[in-house]
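*Asks:* Sending over a structure as structure tokens; questions will come in a sec.
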Amino acid sequence: ILKLNDSEVEILSELVGLPPNPNDFLETVFQKFPLEICVVTLGENGVIARHRKGNIITVPGYSVQVCDTCGAGDAFTAGFMHSYFNRASLEESCLFGNALGALVAATEGATTPITLKQIEDLKSSQIR
């Protein structure tokens, strides 16, 4: 599993000779590397992801009042991995990661523990 943000895609694409556009990157990265999943976060615009055997999926972000983005990407990754390792689909894992990242971004300074209920509440409050 490779998880990058859109800025990291630009840097990595130059280093390994892949297209810098996140969608094009996802189309070609599997030809060059033995990945199963590649996920590219797009900040407030959500995430795009692809399984080696599937098409690119786009999952929009959640609308929150952003206070501090520090740690939001790490929170996305933690939420994504938690969900995926609990056998959720790629799309559901992206939704879960987006929700956790959004909750962290909506918190100023250090984040207190976030419960599964808070994540599920955010997911259900913004029907996709």
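*Asks:* Return yes when R128 is among the basic types (K, R) and at pLDDT 95 or above and no when it is not.
*Replies:* So R128 does not fit the description; no.
*Asks:* Inside segment 1-120, counting only helices (runs of 4 or more DSSP H) that do not spill past its ends, which hold 3 or more residues that are surrounded by fewer than 15 Cβ atoms within 10 Å (Cβ to Cβ)?
*Replies:* Ranges flagged: 6-16, 22-32.
The values are calculated or read from the model by the stated rules, or taken from the named source; none is laboratory data. Predicted, not measured: the structure shown is a model, and the values here were computed from it. FYI the Cβ positions are ideal-geometry reconstructions off the backbone, even for glycines, and counts take in every protein chain you see.
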